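*Asks:* Below: one structure in structure tokens.
Taken together, the values in this text are just the output of simple stated rules run on the coordinates, not laboratory data. In this text, all values refer to a predicted model and were calculated from it rather than measured experimentally. FYI the Cβ positions are ideal-geometry reconstructions off the backbone, even for glycines, and counts take in every protein chain you see.
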Amino acid sequence: MLWWNLRDGWPVISDAVVDYYNRRKLAYWYIRQSQQDVCGIIQEDAHGRHDVVLVNDLRQPVTGQVAVHGLHGGEALLDQPFSLPANAAAIMGHLPGATAPEMWKITWRSCSGDGWNHYLAGPRPFVLRQYAAWLARLPLPKEALMGLRTT
């Protein structure tokens with residue numbers, strides 16, 4: 001992945017992921033999560049369901065456990081073992097289309113390490129105050145949440 005517009009040239013609001021003062025913006029942490037060697041993602045709703053996909057970019061197979069939890073209520077939506085060959089992707093399961101705004105956290109434990117990612121599900125728009133509450137439940141560094149205003 002090529003990081004376009006990595007750093008701001010002056011102190012302004014922009015789409016860069018690192019600001020003028022070399023502080024990492026929230027987008028930096030999201031991009032970092034999506035560039036893991038083993039990564040879980042949730043696809044957009046297609047025909048009333050979301051596919052949960054695990055990708056292995058390593059040159060060796062990986063095994064482990066993958067889970068998806070709703071951050072609003074904390075309920076487990078998926079929890080199962082996995083085995084992926086080298087350089088492969090596979091659908092781990094399906095989630096029903098969300099009827100209300102929700103953030104889902106996908107986590108995995110594998111022989112190559114642990115990881116997490118997230119997905120915003122449900123009808124748009126999302127309420128900023130609720131989004132900020134969901135973010136607080138993700139394992140992001142405090143630096144990632146600096147400057148996020150909910151009013």
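*Asks:* Return the long-range amide H neighbours of residue 94 (sequence gap of 5 or more, or a different chain), with a cut-off of under 5 Å between placed amide H atoms.
*Replies:* Excluding prolines and chain starts, which carry no amide H, the hits are 52.
*Asks:* Can you list which of the chymotrypsin sites (Phe, Trp or Tyr not before Pro) found in region 20-57 are DSSP loop residues with at most 14 other C-beta atoms within 10 Å?
*Replies:* Sparse-neighbourhood loop chymotrypsin sites (Phe, Trp or Tyr not before Pro): 20, 21.
*Asks:* Just to be sure I understand the model, the point goes 7 Å from the Cα along the line to the Cβ. What's the resulting residue 127 to residue 90 distance in nm?
*Replies:* It is 4.0 nm.
*Asks:* Using unit Cβ charges (K, R positive; D, E negative) and no other charged atoms, how large, in debye to the nearest 20, is the dipole of the chain about its Cα centre?
*Replies:* 440
*Asks:* Computed from the mean reciprocal separation of all distinct C-alpha pairs, what Kirkwood hydrodynamic radius does region 72-148 have, in Å?
*Replies:* 14.7
*Asks:* Then there is this: Kirkwood-based Rg over Rh for region 22-151 (C-alpha set), two decimals?
*Replies:* When Rh is taken as the Kirkwood radius, the ratio is 0.98.
*Asks:* Find how much the distance from residue 99 to residue 76 grows on full extension, using 0.36 nm per residue of separation minus their present alpha carbon separation; answer in nm with one decimal.
*Replies:* 6.6 nm
*Asks:* Find which of 117, 80, 66 sits farthest along the positive direction of the dipole of region 37-143, computed with +1 on the beta-carbon of Lys and Arg, -1 on that of Asp and Glu, about the Cα centre.
*Replies:* 117
*Asks:* Starting from the Cα of residue 49, step 7 Å along the direction of its Cβ; do the same at residue 30; then give the gap between the two resulting points in nm.
*Replies:* 2.7
*Asks:* Could you tell me the relative contact order of the chain? Use alpha-carbon pairs under 8 Å, at least six residues apart, and round to a whole percent.
*Replies:* 20
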